[in-house]
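Engineer: Here it is, the structure in full.
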Amino acid sequence: HITKSAIIFGSDQEVAGVMRAVRRSNATGSFSWIGSDGWSARSLVSDGNEAEVEGTLSVQPQANPVRGFEEYFLNLTVESNRRNPWFVGYPSL
């Protein structure tokens, strides 16, 4: 029995489908998964697929909030942000 490694970049819905296909194909335990942050910590993937995802190595990038950014961003207006030509396309801001 040879175990293969697979790196999957995908959404939780897509990967949940992959895990169901693995189970239907009787391939549970045939793969070592390396999961991106898009799915590897999501219950949609693991619920009901516990045996298929067992041993997954999860890659989660560290994200630290930038102090003051949210306030700055929420206070932007078209008038105060003329240097950004794409900002005009977001009038709801």
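Engineer: Give the number of residues within segment 28-40 that are part of a loop (DSSP other than H, G, I, E, B) and either polar (S, T, N, Q) or at pLDDT 95 or above (or both).
Structural biologist: Adding up the residues that qualify gives 4.
Engineer: Looking only at residues in segment 40-93 that are surrounded by 13 or more Cβ atoms within 10 Å (Cβ to Cβ) and of a type in the set (D, E, K, R), which one is farthest from Ser11 (Cα to Cα)?
Structural biologist: Applying the filter and picking the extreme gives Glu52.
Engineer: Quick one: which residue in Leu57, Leu44 is touching a residue at least 12 places away in the same chain (Cβ under 8 Å), within 15 Å of Lys4 (Cα to Cα) and within 14 Å of the chain's Cα centre (by Cα)?
Structural biologist: Leu57
Engineer: Within the group Val78, Val53, which residue is among the hydrophobic types (A, V, I, L, M, F, W, C), closer than 17 Å to Ala16 by Cβ and out of contact with any Asp or Glu (no Cβ under 7 Å at 6 or more places or on another chain)? Before the answer, list the steps.
Structural biologist: Details: Val78 fails: closer than 17 Å to Ala16 by Cβ.
Unique residue meeting the criteria: Val53.
Engineer: Follow-up. Checking the condition farther than 29 Å from Thr3 by Cβ and more than 18 Å from the chain's Cα centre (by Cα), which residue from Arg82, Arg20 passes?
Structural biologist: Residue meeting the stated conditions: Arg82.
Engineer: Select from segment 12-30 the residues that are among the acidic types (Asp, Glu) and crowded, with 16+ Cβ neighbours inside 10 Å and list them in ascending order.
Structural biologist: Asp12 - this is the single residue of segment 12-30 that is among the acidic types (Asp, Glu) and crowded, with 16+ Cβ neighbours inside 10 Å.
Engineer: Now a separate question. Give Leu44, Leu76, Leu57 a once-over and let me know the one that is among the aliphatic types (A, V, I, L, M) and in contact with a strand residue (DSSP E or B) (Cβ under 8 Å, 6 or more places away or on another chain).
Structural biologist: Leu57
The values are calculated or read from the model by the stated rules, or taken from the named source; none is laboratory data. Keep in mind it's a predicted model, so treat the numbers as computed, not measured. Because the Cβ atoms are built from the backbone with ideal geometry, glycine has one as well, and the counts that use them run over all protein chains shown.
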